[in-house]
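In what follows, a structure is listed as structure tokens, so that the remarks can point back to it.
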Ligand SMILES: Cc1ncc(C[n+]2csc(CCOP(=O)(O)OP(=O)(O)O)c2C)c(N)n1
Ligand SMILES: [Mg+2]
């Protein structure tokens, strides 16, 4: 049996489990891992400039491709605590990442040693497993179990904490005898699926709510096939956006309080049955449960048994992996179609499509300073169906959710539940590592952008080109809008006179200078007509210089974005679109004679 350091065995296991990239920040307690990484030479490492960012890079990496598991690495003490936010946002969105931390030697753990903190205890509520490995011979088993857990059931993150002496100790290990553990995923039975189809057949106005679980299960083709078979419109959740293309005739819009379309909410409110698959009835999707559930029945299919009935009691709950369920849905649906047993849904589908054509918000404003709605109109013009968008939180993300278009799974990459400011930039870098071929476009407000702004230098150092659309209102815009309820505008404004950059006109930070200082390219835009040319120029710069390109768009400081607390009572702040030219890049334009689907 070969003998090697326990940490060398860990690195071999990472490789065997499919890891090719890692994101991290070294430190004394994790140097044995870095030495093993270097010796093996099979895993590329991106050096982050903040450890939290390494965790978000790992998340972006996982979210980009089915089967990916992002790995983030840090030393003992503050590195682990910095990564807790990444573990939280990964856990919240059912995203597997593996966090590896160094630790003080086992003999000194109870001595308040330098940078010794009980990171396993801190990480426990935001991971599927968080463990400090105390026996060197248990290191292989800990990694084997980690991959098994991350991939089984509801996916999620794991933390492995490795004391210095445990990493260095020699163990007997032979990678040729190592096998990944089988992955466990519950599957619906045919009887359960037949029952769902019976209930569906009895409904007059059914909808499918498609959650992120369908994307995690890599089952979006099956979803679209099933929806087409039974001719039932689909409402994706924010995490499920892209599961069905925006321009598909059965895509009925997103419902919710913020990242939703007017027609999405209207369609949901008009339904009499909702079949939720791989979703979790998030409160920003449902709003008040009375409004959401009144007058309709619910079926809930989810991989995690304890999710059924968590938010409200469904009429039928089924525990299943989304792919396993959808395979049977398609099989059973085909049989019913061939037997001529499927009801005609064309009236209901047409009603949903009519709302999609007519219930639009206005995007076409010529105002200077620029109104945010116009930015998304121009982004729709500039970026094609392949674009992978990355965003996190704020008015920018909310308006992006309302106005942008997504055509493919994993092309809207968003920290949905946790919404940690600063996530966008490092997550976008992780997306670039996972998919260097596709255009990546990040969308941030000024404050989100500033939270982990130093990561721009990582993009420049490692040649990770992407476009960062930075919509600058010099405000904590979402919080400013929320403070209207308190009649205050307090501790939310970011403007100041920049003594070095009078040209930013009191907007404070000169993002162009900062980005250039970090080795990136940057453009600033103040007029609506300049947006599209700037985005086109950004594409060229990105290809030419192979670094992140920031396009800063100076916005009107105060613009309220549509939102509310009930899905039947969303507050609109701007006049609505009444003509095609008010919303020229809406997925189906108002004027029927101009009806077009964007390429
Ligand atoms: C770590 C963290 N702290 C605080 C918040 C609360 N929060 C949500 S959005 C926001 C302001 C965002 O401002 P900006 O990024 O400029 O976006 P805008 O709303 O102006 O478009 C804040 C403070 C958060 N989501 N995350
Ligand atoms: Mg802002």
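The values are calculated or read from the model by the stated rules, or taken from the named source; none is laboratory data. Computed from a prediction, not measured in an experiment: that's the story for all the values here. With ideal geometry, Cβ positions are generated from the backbone for all residues, glycine too; neighbour counts draw on all protein chains shown.
Taken over the range 54-91, residues that are farther than 14 Å from residue 413 by Cα and assigned to a helix (DSSP H, G or I) amount to 13.
Taking the listed residues 242, 264, the one that is within 26 Å of residue 583 (Cα to Cα), assigned to a loop (DSSP other than H, G, I, E, B) and touching a strand residue (DSSP E or B) at 6+ places or on another chain (Cβ under 9 Å) is 242, with no other qualifying.
Considering the conditions (1) within 14 Å of ligand 1 (Cβ to nearest atom); (2) surrounded by 24 or more Cβ atoms within 10 Å (Cβ to Cβ); (3) within 15 Å of the chain's Cα centre (by Cα), residue 446 is excluded by exactly one of them, (3). Taking every residue in the range 455-480 that is closer than 17 Å to residue 436 by Cβ and without any contact (Cβ under 8 Å) to a residue 24 or more places away in the chain and pairing it with any residue that is near ligand 2 (Cβ under 9 Å from one of its atoms) and assigned to a helix (DSSP H, G or I), at least 6 positions away or on another chain, yields no pair with a Cβ-Cβ distance below 6 Å. Candidates 149, 134: the one that is touching a helix residue (DSSP H, G or I) at 6+ places or on another chain (Cβ under 7 Å) and touching a residue at least 12 places away in the same chain (Cβ under 8 Å) is 134.
Condition (residue is out of contact with any strand residue (DSSP E or B) (no Cβ under 9 Å at 6 or more places or on another chain), more than 8 Å from ligand 1 (Cβ to nearest atom) and under 20 Å from residue 449 (Cα atoms)) applied to the range 403-417: is it met by at least one residue? Yes: the range 403-417 contains one or more residues that are out of contact with any strand residue (DSSP E or B) (no Cβ under 9 Å at 6 or more places or on another chain), more than 8 Å from ligand 1 (Cβ to nearest atom) and under 20 Å from residue 449 (Cα atoms).
Checking each residue of the range 493-507 against the condition of being in contact (Cβ under 8 Å) with a residue 12 or more places away in the chain and buried (at least 24 other Cβ atoms within 10 Å of the Cβ) gives at least one match. Across the range 515-536, which residue is nearest to residue 426 (Cα to Cα) among those that are crowded, with 16+ Cβ neighbours inside 10 Å and without any contact (Cβ under 8 Å) to a residue 60 or more places away in the chain? Looking at the filtered set, the residue picked out is 515. Return yes when residue 477 is within 16 Å of ligand 1 (Cβ to nearest atom), over 19 Å from residue 421 (Cβ atoms) and modelled with pLDDT of 95 or more and no when it is not. No. Does residue 442 satisfy the criteria of being in contact with a helix residue (DSSP H, G or I) (Cβ under 7 Å, 6 or more places away or on another chain), touching a residue at least 40 places away in the same chain (Cβ under 8 Å) and away from ligand 2 (no atom under 16 Å from the Cβ)? Against the criterion (in contact with a helix residue (DSSP H, G or I) (Cβ under 7 Å, 6 or more places away or on another chain), touching a residue at least 40 places away in the same chain (Cβ under 8 Å) and away from ligand 2 (no atom under 16 Å from the Cβ)), residue 442 does not qualify.
Please go through the range 412-432 and pick out each residue that is away from ligand 2 (no atom under 16 Å from the Cβ) and buried (at least 23 other Cβ atoms within 10 Å of the Cβ).
Taking the range 412-432 first, the residues away from ligand 2 (no atom under 16 Å from the Cβ) are 412-418, 426-432.
Answer for the range 412-432, where residues must be away from ligand 2 (no atom under 16 Å from the Cβ) and buried (at least 23 other Cβ atoms within 10 Å of the Cβ): 412, 413, 414, 415, 416, 426, 427, 428, 429, 430, 431, 432.
For residue 348, the conditions (1) touching a helix residue (DSSP H, G or I) at 6+ places or on another chain (Cβ under 8 Å); (2) closer than 26 Å to residue 265 by Cα all hold with the exception of (1). Scanning the range 118-163 for residues that are over 18 Å from residue 86 (Cα atoms) and part of a loop (DSSP other than H, G, I, E, B) yields 133, 134, 135, 152, 153.
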